[in-house]
Amino acid sequence: MSARKRTARDPQDNSVTIEDGNKVDLLSEDNSDMKGDEWNIALLFFLYVLQGIPLGLSSAIPMYLQNRGVSYRQQAQFSFVHWPFSVKLLWAPVVDSLFSARFGRRKSWLIPTQYLIGLFMIFLSSKVEYWLGVEASDVHTPSIHILTFCFFCLNFLAATQDIAVDGWALTMLHRRNVGHASTCNSVGQTTGYFLGYVIFVGLESAEFCNTYIRSSALPYGIVTLPGFLYFWGIIFLVSTTLVALFKRERSPSHTQLTHEPDLGVAQTYKLLWNITKLPSIRTTAIILLTSKTRSNSSSPLTSLKMIDAGFPKDKLAMMAIPLVPLQIFLPLAISRYTVGPKPMNIFIAAFPYRLLFGLIAASLVWITPFVIQEGIIPIYYYGVIIAVYALHQRTGYDESMFVAVMAFFARVSDPAVGGTYMTLLNTLSNLGGNWPGTLALWMVDSLTYKACSVPELNNNTCSTNHESEFQRKYEGG
């Protein structure tokens, strides 16, 4: 472990002088001033945008699967692709401990990981349509096991990139600006998710492109899933090369009083265990693992149930477009409060409204089959959905609560072991958000009663979207 730099406190001007003669104003550490960090903030934002692309694509795939007749239990199986962000703590100490000092502590993992993501996307672009069962020359049942494995691996790489970026953010930015890392995370991931989910689903939809973009109708969209994957694979490869060549990694001595220690893998796991034994961390863990049980159990079901009720997947995805300004500017607006000494005040204030949204989302799912008649969606219902989604973004964890809790993590994490500390807290938060959704998807078939009586379908249980659609047509004559 590296020794700490020697410091001397100056009682006259509330500063300290570190070994190289530079002074640090202690009072200024609580006052955000982005001067000198503009390009660093831009880079962090871009890295988080890249991180959001695989997450958005992983959220778009279930809509394909829902239209291919898979069961909710199979959807629950695919939902495990989001779990790498919930269990990345298992390999975070390795990322923190093994690196090339010459190349850079964080770049040692960031660069190869992003290269692998780019290459993996290019590989997926040649196979994904076949595994989805939508290849024109061979229409068949989706290969759920293969799809789950592939997108799990893609998100595993994205989670590894997240460990490196989270740790780098604590040393890339001046200490007084470290709270802005949560804003970069929130806005960047939201933008990447929007590109990988909303923009992709819209541009892939022939109906959306013919209605809003093209002057003459065509039977296909502007982009395809293989083409989208290939494009972003190239973007990953090119941008990673530029970061490797032109961004130097260093720990600015004028912003930190300590160096990051060089710990071995075993030492890092031991340090992680010691952190988990802290009473404050145990209390935080209980809160993070349980606080989203009520709201996140309904979130993954809302979209799929609405598709089951007849709401087109492309129109459902497009509902997020009017909310983009809110998703981007809300974190920026509240960053002035999360950079301060009490960032969790935003989280606490938004929590009751988040619980209320869970009830509203469940009600929306319940009334949708009664509103949509013969495939026709009333105009007023679009307004209702947008209003509900806007309330979700205004009070939901994805925006205000997410920024608040990330700012809190950045503030309490020790920069000396930033990657491990931030990853521990993020893992607890992500795990608390994922397990209710997976459990809900897994149980929905068992807890849902459906009666089907279509002679043409043997052993019909209405457990898939295909069987339910066949039953509706049979009942309608």
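The values are calculated or read from the model by the stated rules, or taken from the named source; none is laboratory data. In this text, all values refer to a predicted model and were calculated from it rather than measured experimentally. Cβ: placed from backbone, ideal geometry, glycine included. Neighbour counts: every protein chain shown. Quick note on the areas: whole protein, heavy atoms, side chains included, nothing else; ligands and nucleic acids left out. Shrake-Rupley method; radii C 1.70, N 1.55, O 1.52, S 1.80 Å.
Here Y130 meets the list (1) at pLDDT 85 or above; (2) crowded, with 22+ Cβ neighbours inside 10 Å almost entirely, failing just condition (2).
Of the candidates M34, M1, the single residue that is over 25 Å from G432 (Cα atoms), at pLDDT 50 or above and open to solvent by 10 Å² or more (accessible area, probe 1.4 Å) is M34.
Would you call G118 of a type in the set (G, A, S), open to solvent by less than 70 Å² (accessible area, probe 1.4 Å), at pLDDT 95 or above and at negative phi? So G118 passes the test. Among the residues of the range 143-177, those identified as assigned to a loop (DSSP other than H, G, I, E, B) and either without any contact (Cβ under 8 Å) to a residue 40 or more places away in the chain or open to solvent by less than 10 Å² (accessible area, probe 1.4 Å) (or both) are S143, L173. For the range 206-246, which residues satisfy the criterion of being more than 23 Å from the chain's Cα centre (by Cα), open to solvent by less than 50 Å² (accessible area, probe 1.4 Å) and touching a residue at least 24 places away in the same chain (Cβ under 8 Å)? Once the filter is applied, which keeps residues that are more than 23 Å from the chain's Cα centre (by Cα), open to solvent by less than 50 Å² (accessible area, probe 1.4 Å) and touching a residue at least 24 places away in the same chain (Cβ under 8 Å), the range 206-246 yields F208, A244.
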